[in-house]
Each structure stands twice: as structure tokens, then as C-alpha cells.
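Novice: Following this message is one structure expressed as C-alpha cells.
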């Protein structure tokens, strides 16, 4: 069966490459469009505050990429400022963008999920009283980590580094979607965001997914897939080995 990777285009391409190297028949069908922020000046202003921040939390690889795309000339990551990451994908992106490895705070490698809660387990023992924290995200998102930090005395601000929206599917991607809708049992949908499921519903209104399988990388996403009507919902950690093992154990 073909695995359809629905992450935004850049991350989907990387996942497809790695999955194919592991022998998985994978294809990219990005279901979330990533666009520059309407107010680039806010991101550039945030760069000037980095040295005063105890922690700068990046909610995703897209947040990191778009934030660094608007980096002022000559700006470097300041010593003493932590870069928060919810998982290995964001950490790899931060490293590639020049953030020192010792500055990156991330969940434990064996964490059951890669999310804000797992990151907080690594951060909660620190003293956050009076600390300034910046969360880099899209135009909206979960406030769980911000609430936890505020409860421990931190001052938390947000900056919108990118905007999410409907994907702009090209002719090949439109054909992939049409084929999947016509033969729902012929592929497994890999969902790493509940928003990608909502976008699929908008792109294929009225589609019957009772015969289709979804692989979700978080329990919240798995529940959203069930609500969308997927007849089989698999759950996996959002790590390459875990996804491959999950697929190998699946018997349609």
C-alpha cells in the first residue's frame, strides 16, 4: 500500500525521501499551505529581543524556517538563550539554521509523544520566575506551554512567523487525491496535524473514507481522523523507525 505524507511540502518531501530509503512506497500530498506572515516587521523586531529571552520556543520546523528567513542581516543566535523544540524534526531544522546543539531544548528521545507536554518535562525543573519567553508560531496554536510557563512565573509573548492555509495542489497532487478518493483502500494517509484532516475534508467534500486507513502521529490527531470517518486509524510516534514499524505491522 502507498503511504501518503500530508505534511507541508518541505517536510513531506524529506519524509518521502527517508521512507523510500527504508523501502516504503511513499508519496507526498501536502495538505497544509505555508505562507509568509503578513507582518514581517514583527518577526524582525522579535529578532532584536532574543538576547533578553530565556527561551524561544519554535512550534514546528515551519516556525523555525520562516523565523530565520526574516533574520536581519548580521543577526546571530545569542549565547544564553534556549531554543525550544517539540521534537526531532524541529531540532534538525534549528541545527541546520545555525543554532548550537547545546542551546536546543527538546523532549527526551524516548518520549511517548513529541509535543509541548514532553518538552515541558525537560524544562519544568528550571526556575522560570521573571523569565521572558517568546513562542514562534503560526497565526494561532495551542497555549498549553505558555500557560505552564506563566504558572511558573514567566512572561510569555508570541510572534507570528508564518501563516497556514489551504494547499495549492499542482496537477500531480490533484491526480493523487483523485486516485485516493476513487480507491480508498489502496493507501494509508499519514496525518501529523489535525488541520491537514480539515483541509482534506475541504478538498474532498463528501468523500467516504470508511474503507481508508489513517496513520496518526498523536492521539489528538487519531481522534480527529476517526471523526472524519476513517475506518482504520493507526497510531505511531512521529519518528521514522516508529512509522515504518507501524506500517509493517498493519494488515489491511
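The values are calculated or read from the model by the stated rules, or taken from the named source; none is laboratory data. Only a predicted model underlies this, so the values are computations on that prediction, with no experimental measurement involved. Here the Cβ is made from the backbone with ideal geometry for all residues, glycine too, and neighbour counts use every protein chain on show.
Novice: Given the structure, is residue 154 crowded, with 17+ Cβ neighbours inside 10 Å and assigned by TED's automatic domain parsing to the domain that holds residue 92?
Specialist: yes
Novice: Additional query: For segment 48-59, give me the residue count where each residue is under 22 Å from the mean Cα position of the chain (by Cα) and either more than 30 Å from residue 197 (Cβ to Cβ) or in a helix (DSSP H, G or I) (or both).
Specialist: 1
Novice: Give me the residue from segment 2-36 that is surrounded by fewer than 19 Cβ atoms within 10 Å (Cβ to Cβ) and part of a loop (DSSP other than H, G, I, E, B) and, out of that set, farthest from the chain's Cα centre (by Cα).
Specialist: Here the answer is 23.
Novice: Quick one: is residue 106 touching a strand residue (DSSP E or B) at 6+ places or on another chain (Cβ under 8 Å) and surrounded by 14 or more Cβ atoms within 10 Å (Cβ to Cβ)?
Specialist: yes
Novice: Can you name the residue in segment 177-210 that is in a loop (DSSP other than H, G, I, E, B) and either within 16 Å of the chain's Cα centre (by Cα) or not assigned by TED's automatic domain parsing to the domain that holds residue 225 (or both) and is also surrounded by the fewest Cβ atoms within 10 Å (Cβ to Cβ) among such residues?
Specialist: Only one residue tops the list, namely 193.
Novice: Do you know which residues across segment 60-86 are modelled with pLDDT under 95, assigned to a loop (DSSP other than H, G, I, E, B) and buried (at least 23 other Cβ atoms within 10 Å of the Cβ)?
Specialist: Listed by number, the residues that qualify are 60, 86.
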